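See structure below.
The values are calculated or read from the model by the stated rules, or taken from the named source; none is laboratory data. None of these values were measured; they are calculated from a predicted model. Here Cβ is always computed from backbone atoms with ideal geometry, including for glycine, and neighbour counts include all displayed protein chains.
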Ligand SMILES: Nc1ncnc2c1ncn2[C@@H]1O[C@H](COP(=O)(O)OP(=O)(O)OP(=O)(O)O)[C@@H](O)[C@H]1O
Ligand SMILES: [Mg+2]
């Protein structure tokens with residue numbers, strides 16, 4: 001098991017092409033619908049902007065925002081080799097991958113002037129009345145909001161408060177992705193965060209976005225292998241002092257033989273949150289009930305005992 005984990009960690013930073021396409025290959029089966037209302041902003045002084053020349057980006061495309069965000073809003077080192085940092089790169093919306101309860105996930109292609117391209121997942125948190133945030137105050141216990149103005153707006157539920165909440169969930173997911181990527185956990189590489197939008201590695205299998213675990217029917221060997229991968233991941237997270245908080249077969253992607261955990265804005269602090277152990281138990285229960293439904297005899301209490309920090 002450990003060897004598997006190492007395997008993944010050692011290949012992901014170097015060779016895995018994660019959404020990279022070549023030449024003119026585009027995701028033609030996805031409806032392009034989004035016109036980006038992009039206003040260029042000045043980047044920090046060290047921003048390498050040479051590649052942009054004096055040209056405007058074509059409509060419904062924009063120049064890469066990679067250098068427009070601050071250092072802490074760009075992904076951790078070492079950068080996987082598929083990440084395009086060229087300041088002259090052009091971002092194009094390819095369409096919606098999935099609309100969720102709290103956010104929509106789009107496909108975004110970044111193309112460098114030298115012809116290299118990569119397709120990434122752009123997760124955008126919604127701040128309108130139409131979203132249905134199901135994550136309750138139970139999740140955020142032990143977290144603090146820095147500005148009291150923001151705290152008051154959040155409590156009132158005003159439009160500004162909703163915008164603050166959306167940005168906070170995005171930042172929480174960003175922090176979790178950066179931390180777990182650096183801890184070698186199987187999560188998508190976080191490329192950048194810009195307000196309520198996180199750009200991350202697109203998890204693929206056979207050239208298309210990977211299905212959710214809930215959609216696949218692995219054979220018994222692979223089923224067991226999947227379980228071992230998850231047990232390791234939950235245990236590494238618990239050793240880091242957190243649990244996912246909404247772990248289920250819907251928030252795990254099956255990329256062939258490898259599972260990747262997504263949707264992490266609500267990670268629960270096992271120490272600061274008084275409900276921490278309950279959330280860890282619930283994650284164990286959700287996972288075990290899916291594996292049991294597929295025929296693997298696993299027990300949530302045993303899993304909890306195995307992964308809970310001493
Ligand atoms: N990095 C990624 N690579 C591939 N697919 C992704 C990625 N991130 C998200 N998706 C797809 O988008 C869906 C929604 O993403 P996510 O679960 O993070 O958002 P959500 O708003 O919580 O959605 P839901 O309410 O469906 O759980 C995922 O189930 C998955 O199919
Ligand atoms: Mg989800």
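Points to keep in mind about this one:
- Residue 138 passes every criterion in (1) outside any loop (DSSP other than H, G, I, E, B); (2) modelled with pLDDT under 85; (3) within 17 Å of the chain's Cα centre (by Cα) apart from (3).
- Within segment 209-246, considering residues that are assigned to a loop (DSSP other than H, G, I, E, B), within 28 Å of residue 269 (Cβ to Cβ) and away from ligand 2 (no atom under 16 Å from the Cβ), the one modelled with the highest pLDDT: 241
- Identity of the residue in segment 57-71, under 12 Å from residue 111 (Cα atoms) and outside any loop (DSSP other than H, G, I, E, B), that ends up modelled with the lowest pLDDT: 61
- Here residue 280 clears all of (1) out of contact with any strand residue (DSSP E or B) (no Cβ under 6 Å at 6 or more places or on another chain); (2) outside any loop (DSSP other than H, G, I, E, B); (3) within 30 Å of residue 202 (Cβ to Cβ) except the condition numbered (1).
- Restricting attention to segment 240-259 and to residues that are surrounded by fewer than 22 Cβ atoms within 10 Å (Cβ to Cβ) and closer than 17 Å to residue 175 by Cα, the residue that is nearest to ligand 1 (Cβ to nearest atom) turns out to be 246.
- Scan segment 213-226 for residues that are in contact (Cβ under 8 Å) with a residue 40 or more places away in the chain and surrounded by fewer than 21 Cβ atoms within 10 Å (Cβ to Cβ) and the total you get is 7.
- Of all residues in segment 260-273, those satisfying the criterion of being assigned to a loop (DSSP other than H, G, I, E, B) and within 10 Å of ligand 1 (Cβ to nearest atom) are 262, 263, 264, 265, 266.
- Residues of segment 157-185 that turn out to be part of a loop (DSSP other than H, G, I, E, B) and surrounded by 18 or more Cβ atoms within 10 Å (Cβ to Cβ), as a count: 1
- Filtered by the rule that a residue be on the phi < 0 side of the Ramachandran plot and either crowded, with 23+ Cβ neighbours inside 10 Å or assigned to a loop (DSSP other than H, G, I, E, B) (or both), segment 193-208 gives 193, 196, 198, 199, 200, 201, 202, 203.
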